[in-house]
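Everything on this sheet refers to the single structure shown next.
The values are calculated or read from the model by the stated rules, or taken from the named source; none is laboratory data. Since the model is a prediction, treat every value here as computed from it, not as a measurement. Cβ sites come from the backbone with ideal geometry, for glycine too, and all protein chains shown count toward neighbours. To get the accessible areas, we keep the full protein, side chains included, count just its heavy atoms, and leave off ligands, DNA and RNA. Shrake-Rupley method; radii C 1.70, N 1.55, O 1.52, S 1.80 Å.
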Amino acid sequence: MIIKNALVYTPAHTFAPGDLAVRDGRIDPDTAPRPGEEVVDAGGLYALPGLVDLHFHGAVGHDFCDGTEEAIQAIADFEGSKGVLAICPATMTYSEEILGRVMDAAAAHQNGRGADLVGINMEGPFISPEKLGAQNPIYLHAPNVGMFRRLQKRAGGLIKLVDIAPEVDGALDFIAQCKDEVRISIAHTCTSYDTAIRAFEAGASHMTHLYNAMPGITHREPGPIIAALERRAEVELITDNVHIHPAVVRFTFSTFGDDRVILIADSMMACGLPDGQYSLGGQAVTVTGPRATLTEHPGVIAGSATCLYDCMKRAVLEMGVPLESAVRAASENPARSIGVDADYGSLAPGRYGNVILADKSLDIQTVYRRGVSIL
């Protein structure tokens, strides 16, 4: 197929008028129409790469940790319809037994339709009891290399990220031993600046939902955020306009740079559904509008109810982030982070023909998965 007259998001992170060709499911540099090819006039529309979400938990009443094919496929279908065509869903803090069943289901999944399952983000259980957020304390576990490797084997190598609180016993040794096997992210932590620096020196390179579930910045205790800035770590941001103030979102893009910011949804099973009562990690959650909180502790945010595309859209329309930067942070950067950028996250030749056509208000008009319309 040929998409003509679009404002195409280029590999140089700019928009330029142009055409896109998709052949055999991938972007072809030759945009000259061939006999019998479908030609789509996208005049006045943006052509964006399919998004990549490396941190979310579920949608439409399903959680990745349900550990079933039904849940994975329902989530993949929903995410694909929202322009998120590669997913790396996150586990919660659970026992090895429960996590093992999740890994089995992920390894068995076939990417037949919707978003492709390209990885797993192991958010728990190697985190701090003092910064649980919505994680369940009964399943906390000290960092354990053997446990990780057993789960990775059951997942068929799909675990792309492991989250860890570097101050807990055994964390720095875990980082040093596993840094060449998986990307390691600082998360749900009370770490000091000095310990965070040691974690980065040991091999950590990523920050999970920056600002949330970690110490903030003060002039005498700079904390892990400043350590991440100095060590040029990648940083995740939840831009649902609930987790982080817009001024702090703009501050993060301007200080870290749009090449190191990764937009995430951190959405849970209520995403795509009405307000009501849901669950996350075995705990009850109340959802009102975009805000999800623990029912028994309403001051604790429990993930989001917003998909990644709408987080990106809010970053642009409500937070003042340039569109070029927001798109990069929701597509190319996460794809690079989890090592799938040869196929996803860009409209460069050779990548999958995963294309979102959106109008000037950023409302999605069409989603193409490998050149086939799915919306």
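Regarding residue 275, is this residue without any contact (Cβ under 8 Å) to a residue 60 or more places away in the chain and among the acidic types (Asp, Glu)?
It is true that residue 275 is without any contact (Cβ under 8 Å) to a residue 60 or more places away in the chain and among the acidic types (Asp, Glu).
Looking at the stretch 55-68, is at least one residue among the β-branched types (Val, Ile, Thr), touching a residue at least 12 places away in the same chain (Cβ under 8 Å), closer than 20 Å to residue 188 by Cα and assigned to a loop (DSSP other than H, G, I, E, B)?
no
Can you tell me how many residues in the stretch 86-107 are in contact with a Gly (Cβ under 9 Å, 6 or more places away or on another chain) and open to solvent by 10 Å² or more (accessible area, probe 1.4 Å)?
Total meeting the criteria: 6.
Just a yes or no: is a residue in the stretch 149-160 over 21 Å from residue 86 (Cβ atoms), free of Cβ contacts under 8 Å to residues at least 40 places away in the same chain and surrounded by 17 or more Cβ atoms within 10 Å (Cβ to Cβ)?
Checked the stretch 149-160: no residue is over 21 Å from residue 86 (Cβ atoms), free of Cβ contacts under 8 Å to residues at least 40 places away in the same chain and surrounded by 17 or more Cβ atoms within 10 Å (Cβ to Cβ).
Tell me, which strands (runs of 3 or more DSSP E) wholly within the stretch 197-310 include 3 or more residues that are crowded, with 22+ Cβ neighbours inside 10 Å?
The strands (runs of 3 or more DSSP E) meeting that bar are 234-238, 261-264, 301-304.
Scan the stretch 241-252 residue by residue and report those that are touching a strand residue (DSSP E or B) at 6+ places or on another chain (Cβ under 8 Å) and either at pLDDT below 95 or farther than 21 Å from residue 338 by Cβ (or both).
242, 243, 244, 249
I'd like the full set of residues that are in a loop (DSSP other than H, G, I, E, B) and either aromatic (Phe, Trp, Tyr) or in contact with a helix residue (DSSP H, G or I) (Cβ under 8 Å, 6 or more places away or on another chain) (or both), limited to the stretch 311-342.
Within the stretch 311-342, 318, 319, 320, 321, 322, 341 qualify.
Just name the residue that is nearest to residue 126 (Cα to Cα) out of those in the stretch 91-105 that are in contact with a Leu (Cβ under 8 Å, 6 or more places away or on another chain) and outside any helix (DSSP H, G or I).
The selected residue is 93.
Can you tell me how many residues within the stretch 106-146 are closer than 30 Å to residue 352 by Cα and part of a loop (DSSP other than H, G, I, E, B)?
Matching residues across the stretch 106-146 total 10.
So which of 326, 335, 270 ends up being among the hydrophobic types (A, V, I, L, M, F, W, C) and either closer than 17 Å to residue 134 by Cα or modelled with pLDDT under 95 (or both)?
Of the residues listed, the single one that is among the hydrophobic types (A, V, I, L, M, F, W, C) and either closer than 17 Å to residue 134 by Cα or modelled with pLDDT under 95 (or both) is 270.
Here is a list: 144, 121, 136. Which entry is among the polar types (S, T, N, Q), in contact (Cβ under 8 Å) with a residue 24 or more places away in the chain and in contact with a Lys or Arg (Cβ under 8 Å, 6 or more places away or on another chain)?
121
Of the residues 163, 116, which single one is modelled with pLDDT of 95 or more, crowded, with 23+ Cβ neighbours inside 10 Å, among the acidic types (Asp, Glu) and touching a Ser or Thr at 6+ places or on another chain (Cβ under 6 Å)?
One residue alone meets the criteria, 163.
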